[in-house]
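The values are calculated or read from the model by the stated rules, or taken from the named source; none is laboratory data. Please read these numbers as outputs of a predicted model, since none were measured by experiment. Quick reminder, even Gly has a Cβ in these numbers, built from the backbone with ideal geometry, and neighbours come from all protein chains shown. The accessibility values were calculated without ligands, DNA or RNA, using every heavy atom of the protein model including side chains. Shrake-Rupley method; radii C 1.70, N 1.55, O 1.52, S 1.80 Å.
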Amino acid sequence: MERWTIQRLNELDDKRFAICILQERLNGLSNPYSPLATKLAVAIRSLGEGDSGREECSETQVAKKVLDAVKGIEESGYPEPGGLLGFCIESEIDSYDKVGNGIISVFNRHPDQADILEEMLIAICGWGVEGLKERMEENAEYYSGL
């Protein structure tokens with residue numbers, strides 16, 4: 001959940017504030033295709049219509065881009081889009097340090113999304129944050145000897 005400063009609250013009109021709150025709730029759902037997620041997305045779009053001159057809440061823009069990209073991957077027509085995605089990601093990992101620092105940075109920038117980020121880690125490697133921490137402690141001597 002986002003921390004709302006007085007300055008940020010004063011910058012938003014009621015409509016934009018409602019959109020941001022709805023988007024926060026949508027971002028917290030694990031299934032973007034559930035009935036509630038669908039209803040929230042429709043409500044956000046309908047509230048946003050007619051405000052083309054106004055800038056959308058940055059959280060809404062980012063969430064839309066991510067969900068559109070995920071939907072595009074799922075509907076790509078490739079026989080195994082998940083496998084292809086994994087292959088492409090794996091080929092981009094050129095530094096363990098860069099990847100690890102990137103993950104830590106994401107957790108630090110979005111502490112309100114920690115549960116979702118941990119679910120993603122579990123989906124990728126089978127380990128939650130606490131499990132990864134334990135593995136790091138077990139392997140620290142080996143890694144530093146490389």
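For the chain, with all protein chains present and a 1.4 Å probe, just round the carbon and sulfur fraction of the accessible area to a whole percent.
The computed percentage sits at 58.
The Cα-based radius of gyration of the chain, divided by its Kirkwood radius, gives an Rg/Rh of 1.04. Between D115 and N10, the distance separating the two model label sites (each 7 Å from Cα on the Cα→Cβ line) works out to 3.3 nm. Computed on the Cα atoms alone, the convex hull of the stretch 72-146 gives a volume of 122 cubic angstrom per residue. Pairs with C-alpha atoms separated by more than 25 Å, drawn from the list K15/K71; K39/K71; K64/K133; K71/K98; K15/K64, are K15/K71; K64/K133; K71/K98.
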